[in-house]
Amino acid sequence: MAFTFEMLLTLSLMIFAIIGYSTRKFPIDAVSISVLGLLFLIFEIYPVDGISFDDFIAGFSNHGLLTVMALLVVAQGVYSTGILNTFVDNIMHLNRDLKTSKSTMLILLLLIVALFSSVMNNTPIIIIFIPLVSIIAEKMNLSISKALIPLSYAGILGGMTTLVGSSTNIIGAEVAKELGVNGINFFSVTIPGLAIAIPGIIFVIFILPKLMPKRNKTSTSLSSDQNKFIAQIEIDAESDLIGQQSISGKFEALPEMQILQIQRGEHSISAYQSTKIQKDDIIVVSADRKIIEVALIKYGEQLHPTLSDTDPFNFGEQDKNINTGEQILAEVLVSPDSRMAGRDLEESRFRKLTNCIVLGIKRSSRIYREQITDIVLEAGDVLLIQGSKNSISNLKDYPEVLLLDHTSTILPRKKFARRSLAIFLFTVITIATGIIPSVAAAMIGASAMLASRVLSAERAINSLNRHVFLTIVSMLALSHAIEATGLAEYGAFSMLNNIPESNPALILSILFLTVSVMTNFLTNNASAALFMPLGISLATSLNVDIVPFVITIILAANCSFATPYGYQTNLLVMAAGDYKFKHFIKGGIPLTIICWLAFTLFAPWYYNLY
């Protein structure tokens, strides 16, 4: 088979894309757009039969891409209502009831991450579990750096087991469909995916932590009293804390909070006394921000301090509207010349003037053991506040405080949890059963998240990852060029000629290893799109079933373990665990080899290729 000039041009573009994505000297978006632009330019100058302008822009309406984008919105809807937080909180309670060891709890959390990752985007899952795994690791005196890379790898392995487990699976299946391969459904990757995921998870749980570095705890300063907020929980009639008993300044339901005082009417009770919580008690606590966020999801308005209604300038009807809409949690600093200094929260009328609720107060000089409504504010105090997006944004023009922009986070909308779960289950079930096309099911799910007010339009738009979008579009266009110019067929021909015995099982193993190496330097989506034409051409040349080769490309493209750039969850844990590049190599190469060997032994037998 002759190597043509058009093949050379396409191969040059392919090399350009690989270098651009792997070196990281240029933004991923710039590389993607450059690939698209060069494709338009080259094949306009050198026309090729079967390639047109429409073929390159077809990626923007690709069903797989639209499915991925819609599923990102659905996953964001689930994440935004705190369902996962509630589930994990119940697991933690179960753990305390069963008195399991902390190591067992860590293993359970990794398995839960893998399970969740099989049916939804794993990025929000990893975001939720990073602080939880950090807490578990600290309790078992395990360096956090021994836990977070395993967390990311567990999410990646779990994503291999269903079609919607990762965007790679969906894009790979869609590219194969466009190349004439049908029959890749929700569970097509499940059995071979489990054959890889099970030994991979065993390695991640029992061996990988031993390969990771042991670092001194970096959370010591973060957990010191100087970095904790004073907050209060006001017990209402329906509170889960009624009947709880304080033991040495702790409640079983609030294990990460230090109880400073229990206010009962006019009496102050030490938290170190054996005291059962009653209705209308006020519990003054000390905790870092993340713990207050978790408590806010569970206890809601019980963390909102009540202000006196005797002052006509303080709240009234406005208090009923302060919690409407999407809520933001942020921190503000009492400015040096603020008129709030020397006044308590009620006297400062902060809630009335800003429509924001103060949840906690942090002061570096000392820890107060009194209700935050009684603390006289000082310049330099940091206030943890809750409010709508507009209210928080307006604080930039409020002279009494300085808004710390980087501290703003969106609070889960717990009241929409049931409807978001129902929409999510509908989406997954309809895709799994094939009642309606996957793209239609995903679009309906995304639309339902918006129509039911689970997500605001802005948050839905923000959940759409432009890097994923542009990478997929450009790689779909390049993939079409690889197929149309005959480069894929030539690659398959050359590969088969250089292997003495054209054994399908051996070819499948080599293909898996090649893609699993390249996916660490490209992105997983780019790898699936780029190598799919080659896999299909190999199967055609060998005159065997194409489906095993499609599944091989999909699963191998997921094996982005050996670099932090291969998958976005690796980048998330890299910062949190203070990892270096070498740590991903140290853990990722053995895991890649395990996945390759497991697939090499299982797939040929499963697909009857021996």
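Structural remarks
- Among the criteria (1) closer than 21 Å to Q76 by Cβ; (2) out of contact with any Lys or Arg (no Cβ under 9 Å at 6 or more places or on another chain); (3) crowded, with 22+ Cβ neighbours inside 10 Å, the one S474 does not fulfil is (1).
- Which numbered condition T600 fails, given (1) farther than 19 Å from I472 by Cβ; (2) buried (at least 19 other Cβ atoms within 10 Å of the Cβ); (3) in contact with a Ser or Thr (Cβ under 7 Å, 6 or more places away or on another chain): (2)
- All positions within the range 264-274 that are out of contact with any Asp or Glu (no Cβ under 9 Å at 6 or more places or on another chain) and part of a loop (DSSP other than H, G, I, E, B): E266, S270, A271, Y272, Q273, S274
- Contacts under 9 angstrom Cβ, first residue in the range 168-179 being at positive phi and in a helix (DSSP H, G or I), partner crowded, with 24+ Cβ neighbours inside 10 Å and not charged (D, E, K, R), 6 or more apart: none
- If you go through the range 304-353 and keep only what is modelled with pLDDT of 85 or more, farther than 24 Å from K414 by Cα, under 38 Å from the mean Cα position of the chain (by Cα) and crowded, with 20+ Cβ neighbours inside 10 Å, you end up with V332, V334, L345, F350.
- Selection within the range 579-588 - of a type outside the set (S, T, Y) and surrounded by 15 or more Cβ atoms within 10 Å (Cβ to Cβ): H583, F584, I585, K586, G587, G588
- Flag for L476 being touching an Asp or Glu at 6+ places or on another chain (Cβ under 9 Å) and at negative phi: yes
- Residues that are part of a helix (DSSP H, G or I) and within 25 Å of the chain's Cα centre (by Cα) were ranked within the range 21-40; the one that is surrounded by the most Cβ atoms within 10 Å (Cβ to Cβ) is S32.
- Residue among T373, T407 that is touching a strand residue (DSSP E or B) at 6+ places or on another chain (Cβ under 6 Å) and closer than 29 Å to Q261 by Cα: T407
- Between A287, A237, A231, A295, the distinction of being surrounded by fewer than 17 Cβ atoms within 10 Å (Cβ to Cβ), modelled with pLDDT of 80 or more and hydrophobic (A, V, I, L, M, F, W, C) belongs to A237 only.
The values are calculated or read from the model by the stated rules, or taken from the named source; none is laboratory data. This is a predicted model, so every value here is computed, not measured. As a convention, Cβ positions derive from the backbone with ideal geometry for all residues, glycine included, and neighbour counts pool all protein chains shown.
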